[in-house]
1. Please work out which residue is modelled with the highest pLDDT, limiting yourself to the stretch 16-43 and to residues that are under 21 Å from Pro94 (Cβ atoms) and open to solvent by 80 Å² or more (accessible area, probe 1.4 Å).
2. So the check is Cβ under 6 Å with 6+ separation or different chains; which pairs have a first residue in the stretch 44-65 that's under 25 Å from Arg4 (Cα atoms) and open to solvent by 70 Å² or more (accessible area, probe 1.4 Å) and a second one that's aliphatic (A, V, I, L, M) and part of a helix (DSSP H, G or I)?
3. Can you give me the number of residues within the stretch 66-89 that are open to solvent by 20 Å² or more (accessible area, probe 1.4 Å), closer than 12 Å to Leu132 by Cα and hydrophobic (A, V, I, L, M, F, W, C)?
Amino acid sequence: MAPRELVHRCLAAAVAGALATLVLKAFSPLELCSGPACFYVAALAVPIMFSTGTAVAWGLMALARLRPAWPVAVVGPFVTLALLTTVVDLGKWPFPLVSAAVGGGYAVAAVVTADEVPRAWRVALGLPVVVLFAWGVVLPILL
């Protein structure tokens, strides 16, 4: 893969992730509740929003001619979740920076899922993401 194609892949994935975040922000159901009812809304809404964000990002990447788009669309939310649960404090950061962090997560996913990138580089970029995901998502669930 030429460097130009890799840059296109990363930029397309980053823009798709950021735009998917804006779409999800526009239709966020968490403002609809208050008190204990938010738990039930969140339990239903978060998986639906996660799936919707994946579908929107996949569609945008397909429109940008990112081939194949589905591995980035599947891996991107997990990379983003790893970043958002460990590095980014959602309550303190303004939304444009959170959207940029989501775009960065999708760009990392685009590099990690590129077949033309040597395996050693994919492992070197993917391993910290796996550690962050285990630390920020899996560990709190188990404890």
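The values are calculated or read from the model by the stated rules, or taken from the named source; none is laboratory data. Please read all numbers here as calculations on a predicted model, not as lab measurements. Neighbour counts are summed over all protein chains in view; Cβ atoms, including those assigned to glycine, are modelled from backbone coordinates with ideal geometry. With ligands, DNA and RNA removed, areas are computed over all heavy atoms of the protein, side chains included. Shrake-Rupley method; radii C 1.70, N 1.55, O 1.52, S 1.80 Å.
1. Taking the candidates together, the pick is Leu22.
2. Between residues of the stretch 44-65 that are under 25 Å from Arg4 (Cα atoms) and open to solvent by 70 Å² or more (accessible area, probe 1.4 Å) and residues that are aliphatic (A, V, I, L, M) and part of a helix (DSSP H, G or I), the close pairs are Trp58/Ala73.
3. 5
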